[in-house]
Amino acid sequence: MAANSVNVKTENTNTARSIGTRRGRLSDQIARGIFFVCAVLVVVIIFGVFVFLGINGLQMFKDPAARNFFTSSSWDPSADSPSYGALGFILGSVVTTLLSIIIVAPIGFGMALYMTEMAPRWVNALLRPLLEVFTGVPSVVIGFLGLVVLVPWIANIAAPIAPSAANAGNGWAAATLILVIMILPTVVSVSIDALRAVPDSVREASLALGSTRWQMMKDAVLPAAATGLGTAIVLGMTRAIGEALAVSMVLGGDIHLPAKLLTPSVLFQPNINITNAIVLYFSEASGTERNGYFMLGFVLLIISFLFICVSRYIASRSVYK
Amino acid sequence: MEKQSQRPAYLAQNEVEINPLNKTQVENLPEVSKEAQHMGSFDPTKTLKTDATTKIDVQHTNFFYGAKQALYDVSLPIRDRQVTALIGPSGCGKSTFLRTLNRMNDLVPGARVEGLANFDGFNIYDPKTDVVLLRQRIGMVFQRANTFPKSIFENVAYGLKVQGKPQNVIKERVEKSLHGAALWDEVKDRLNTSALGLSGGQQQRLCIARALAVEPEVLLMDEPCSALDPIATLKIEEMITELVKDYTIVIVTHNMQQASRVSHFTGFFLSGKLVEVASTADIFEHPHHKETEDYISGRFG
Amino acid sequence: MSAQQQISTSVESDERQRLLSLERLTQRLHLKNNIASGILALITLLGALLFILIVIKVLWDGIPYLINPDFYGSTGTGTVGQQIFNTLYLLILSEIILVPIALAAAIYLVEYARQGPLVTVIHFAAETLAGVPSLVLGLFGYLVFATVLHLGLTRLTGTLTLLCLNFPVALRLFEDALTSVAREQREGGLALGSTKWHMIRTVVLPSSLPGIITGIVLSAGKVIAEAAALIFTMGSSNPSNVYTLNPMISTDNLTIHIWYLKTVGAGTIPDNVANAVSAGSAALLIIILLVINIGSRSIGRLIQRKVMAA
């Protein structure tokens with residue numbers, strides 16, 4: 001309506017028209033400028049994240065004691081000769097992330113397959129919203145549940161093989177299961193999108209050759225969706241490695257990696273990872289130690305960035321988009 | 001001797017007979033002479049057997065998409081080792097009918113079929129019919145080439161892997177089927193490259209090879225040439241006239257020349273009803289119904 | 001004659017043989033298919049049960065506290081009135097900052113920018129930012145907003161950190177909402193002789209309102225659920241009076257409160273009270289998120305209908 005009236009006016013008088021358009025042009029220019037600044041803000045923020053964490057983190061290496069950051073697993077800033085080996089934290093994050101994705105991948109793909117290829121409509125109507133809610137579930141809620149349900153449960157089961165029966169519930173096993181709950185919805189949702197992107201002609205082709213539905217899923221749909229499923233895995237890992245509070249609540253560790261790493265019991269005793277260290281010690285730290293936590297954050301940032309790059313690369317190779 | 005020529009012999013025959021126009025020739029020849037040569041070489045009236053046994057006997061078929069009826073009381077015999085063409089304007093139900101024959105319509109929600117299609121003593125439309133077994137015996141080629149995003153070899157081997165055939169059988173059959181689909185010479189050096197890199201016509205012939213590999217008894221073709229250029233179409237028509245020695249073929253086409261070039265029998269569909277079915281020559285020269293005459297003479301909308 | 005008959009019978013028996021073996025084969029295939037389908041159904045059932053049981057467990061444990069009005073008070077231990085106020089405050093403040101900025105950025109990308117390196121860079125930046133762990137963004141917020149900009153540990157610092165966290169998500173949702181507006185509608189708007197900005201205001205924004213609302217509601221869910229990005233930027237304890245609109249004070253919120261009670265603050269109040277508060281808060285959070293997720297769809301639909309009608 002407003003546009004109409006402008007139009008009528010401009011046709012009637014020349015002067016009104018030029019003023020109107022000039023004013024329109026100006027406001028258009030200003031609006032455009034503002035929008036541009038906001039869009040570029042995303043780039044500024046991510047750039048700032050890299051720069052600020054990088055500068056503060058790398059400053060720790062001014063301290064000669066920090067040279068062992070990537071080579072030692074002994075993190076002891078308050079010792080007489082302080083040590084800043086972060087390998088233990090990194091190992092914790094890597095182990096829990098890998099274990100959780102190994103559990104999540106088959107479950108996630110299985111659920112996504114069932115929901116896209118087999119499920120009656122009501123199952124999807126029930127599960128999709130549930131998965132969406134859990135994609136954004138507060139990590140402290142899962143952490144709290146982990147503390148009151150999961151940790152005692154694991155403690156019961158694992159007490160015989162754990163070094164200390166009292167603490168058998170804390171550690172990498174509990175953290176892994178927490179991560180499974182945290183990332184499964186993401187992996188299922190992204191996998192469903194990947195499977196939906198496979199055109200029905202692929203399914204028809206397989207069925208017309210006399211395959212069963214299972215063979216169709218296994219030999220035609222899954223391979224055709226491989227890149228999308230790869231993206232699902234990588235996105236799941238991105239979430240897992242950065243997950244902080246829920247994991248930190250059940251890990252129960254401080255700064256020490258267990259002595260015996262290569263036994264199953266390593267999963268069932270208080271243990272460490274990157275996010276737990278930052279959450280527990282960052283606010284009290286100062287000097288090299290504090291920069292060390294920035295450095296740990298920077299390491300997380302780099303890992304996440306690599307994951308994103310990998311997922312973009314995989315997605316770019318996809319046949320169906 | 002006789003026994004050999006029954007089923008797997010098409011390989012040997014193809015090598016001798018098929019491809020009188022091989023690739024280089026086709027490219028050098030002007031279009032008109034290609035057509036002429038083709039018409040001369042493949043005359044279905046020469047291979048017409050009016051006494052051929054009935055492979056699939058379809059009786060009084062009604063088909064519904066939900067509440068909407070798409071086929072009305074269709075009865076049609078599919079003759080053994082003959083080409084049956086289904087023609088008619090778009091939306092007349094010819095594709096729907098074709099897809100009832102291997103139950104591909106099962107995939108459409110709300111689809112329902114009534115009637116009888118006697119295939120080797122059982123009713124295809126019976127809900128208890130094993131569709132997996134049925135589709136292994138009745139293969140299908142779709143309107144658009146639906147190649148898998150896999151290698152050429154993997155595409156053809158797909159149905160064989162489904163049947164759990166051993167590696168050596170798979171290798172042998174893949175080669176044989178590619179010969180049968182007149183594609184071997186074009187792809188033999190790149191069997192392990194992606195099938196999606198092939199041209200449209202090559203992909204469609206790959207899909208035919210894929211269907212042949214499992215050695216079905218009947219081959220359903222749903223407008224296999226509608227997305228192809230004239231040369232690719234020609235190659236597929238050539239192949240059909242060869243394949244019919246071993247396979248029963250049902251082909252849906254919107255192209256009447258194509259029907260007359262390749263088929264022995266033709267059924268004319270209109271608005272979900274089968275107006276008439278007869279030998280192709282009869283349909284085109286002495287149609288019994290006015291609608292048929294109008295359609296084939298191009299007087300039809 | 002007889003020789004021919006023999007041949008035809010042997011052909012027939014060959015054919016029979018082939019059919020029989022095909023039948024045996026399909027029997028096997030069906031068996032495998034049924035086993036695999038059963039396993040897939042079972043996996044899905046267990047996965048679904050896991051999530052359903054979590055919801056039931058959280059609600060079962062928490063609702064007894066939720067129905068007690070004292071739970072929402074602000075005096076004594078075991079109350080979360082302050083935390084609820086803080087959560088709402090943070091929610092509103094961050095949406096006020098987030099929505100205009102993210103919407104403006106989305107408008108630029110959809111309506112003004114030409115496809116090219118700049119758009120690719122912005123999208124790549126957004127995707128990368130979306131993948132940054134919230135704890136890392138918390139460190140960044142601490143460095144930049146609290147330290148460099150001297151805002152300290154305050155609600156404002158927390159809000160700005162949440163902006164970094166939610167920007168890419170909201171941007172994506174708003175972009176989707178804007179692109180869903182049909183091209184004819186836009187061209188119709190431009191043909192009327194108005195400027196582009198005028199066309200966006202009068203045509204694009206009203207039609208994409210349902211999608212924009214969905215984006216706002218979903219980012220609201222993220223604000224309510226977030227804790228890791230806030231513990232170093234907003235704090236984890238409350239001043240004597242949190243019921244103020246002052247953005248320059250340090251407070252906690254519901255999620256931080258749960259975390260605090262179960263970890264660094266364990267022992268400040270009796271363990272059973274801490275568990276009670278956590279259980280109640282967890283149930284409250286889950287209920288809010290369920291309402292938000294179900295609500296975002298129906299609100300979007302409702303508005304769509306209103307827009308269509310008008």
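Only the coordinates and a few stated rules stand behind these numbers; no lab work does. Because the structure is a prediction, the values reported are computed rather than measured. Ideal geometry is used to build each Cβ from the backbone, glycine not excepted, and the neighbour counts take in all protein chains shown.
Key figures
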read-out	value
Of all DSSP beta bridges in the protein assembly as shown, antiparallel share, percent nearest 5	60 percent
DSSP H segments from chain A that extend 20 Å or more along their own axis, Cα-based, with Kyte-Doolittle mean of 0.0 or above	A:14-58, A:87-113, A:121-135, A:172-196, A:226-242, A:287-316
Chain C - mean residue ellipticity at 222 nm from DSSP helices (-39,500 (n - 2.57) per run, n ≥ 4, rounded to 500)	-24500 deg cm²/dmol
Chain C: angle of helix C:209-225 to the longest principal axis, Cα-based, in degrees nearest 10	70 degrees
Residues listed by number, segment C:222-260, amide nitrogen under 17 Å from C:THR75 label point at 7 Å toward C-beta	C:240-243
Rg(Cα) / (2.2 N^0.38 Å) computed for segment B:54-297, rounded to two decimals	1.00
Partner lysines for B:LYS49 [C-alpha distance under 21 Å; skip if fewer than 8 residues away on the same chain]	B:LYS3, B:LYS245
Theoretical gain in end-to-end length, C:ARG18 to C:MET248 [0.36 nm per residue, Cα-Cα removed]	74.5 nm
Likely footprinting exposure, B:TYR295, C:TYR112, fewest C-beta neighbours within 10 Å first	C:TYR112, B:TYR295
Alpha-carbon centroid distance for the pair segment B:153-230 / segment B:97-142, whole angstrom	23 Å
Listed pairs B:LYS165/B:LYS235; A:LYS218/B:LYS55; B:LYS161/C:LYS32; B:LYS55/B:LYS273; B:LYS161/B:LYS188 exceeding 26 Å between Cα atoms	B:LYS165/B:LYS235; A:LYS218/B:LYS55
Simple spin-label estimate for C:ARG297 and B:HIS60 in nanometres, 7 Å along Cα-Cβ	4.5 nm
GNM top mover of C:SER207, C:SER281, C:SER194 - chain C, alpha-carbon springs below 10 Å	C:SER194
Protection proxy ranking of C:80-92, C:234-246 - average other beta-carbon atoms within 10 Å, highest first	C:80-92, C:234-246
Calculated P(r) tail over 19 Å for segment C:9-73, as whole % of Cα pairs	66 percent
Backbone HN-Hα couplings from phi across segment B:117-131 [Karplus 6.51/-1.76/1.60, Hz, Gly and Pro as x]	10, 7, 10, 6, x, 10, 8, 4, 7, 4, x, 7, 4, 6, 5
Radius 13 Å from Cβ of B:HIS264, net charge of other residues (Lys, Arg +1; Asp, Glu -1)	+3
The protein assembly as shown, Rg to Rh (Cα coordinates; Rh as Kirkwood inverse mean 1/r)	1.07
Low-density loop positions, chymotrypsin sites (Phe, Trp or Tyr not before Pro), segment A:38-138 - DSSP coil, at most 16 other Cβ in 10 Å	A:PHE70
Magnitude of the charge dipole, segment B:54-297, Cβ model with Lys/Arg +1 and Asp/Glu -1, debye to 20	800 debye
